[in-house]
Amino acid sequence: MTSPGAERHGVVQPAATSKEIYDGGMVVRREVLGDAHVDRATANMDAFTEDFQDMITRIAWGGIWTRPGLTRQMRSAVTLTAMVAHGHWEELAMHIRAALTNGLSRDEIKEILLQTAIYCGVPSANTAFKTAQQVFHEMDNAVIDTERNGQ
């Protein structure tokens, strides 16, 4: 029997093992970022980075992203804002793709980036818009290439 309110905690339940939290985090990580991204991250893992990969899977994806308190769209909006605020442009590109996977539209992403111009600064938002524009361009070209190749 779970304690009252335990359902708020996603996979991090009182009796959950580290493996259960990791496995739950990996499910969400794959759903949000895609198998290709996660497979690349794990393929590039070595003795130096394996503890970090384990930590982000358990804590970020298992501990936070599995919580039901916010929708994945809301989590994506918050994450995009944090990436802009801190100037993490490669992570921003990855999380723009994830935001689309989570159901945000390009117009909603644009509105989030406009909001960041006010609270994170125009120069940061300028770079964020360029990053999003590049991500959308790459995605659109990938679709066109797939259609041309009949796949």
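The values are calculated or read from the model by the stated rules, or taken from the named source; none is laboratory data. Please read all numbers here as calculations on a predicted model, not as lab measurements. These area figures cover heavy atoms from the full protein model, side chains too; ligands, DNA and RNA do not enter into them. Shrake-Rupley method; radii C 1.70, N 1.55, O 1.52, S 1.80 Å.
Structure values in brief
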| read-out | value |
| --- | --- |
| Reciprocal mean inverse distance between Cα atoms of the range 18-151 - Kirkwood radius, Å | 15.9 Å |
| Percent accessible area from carbon and sulfur atoms, the chain, protein chains only, probe 1.4 Å | 57 percent |
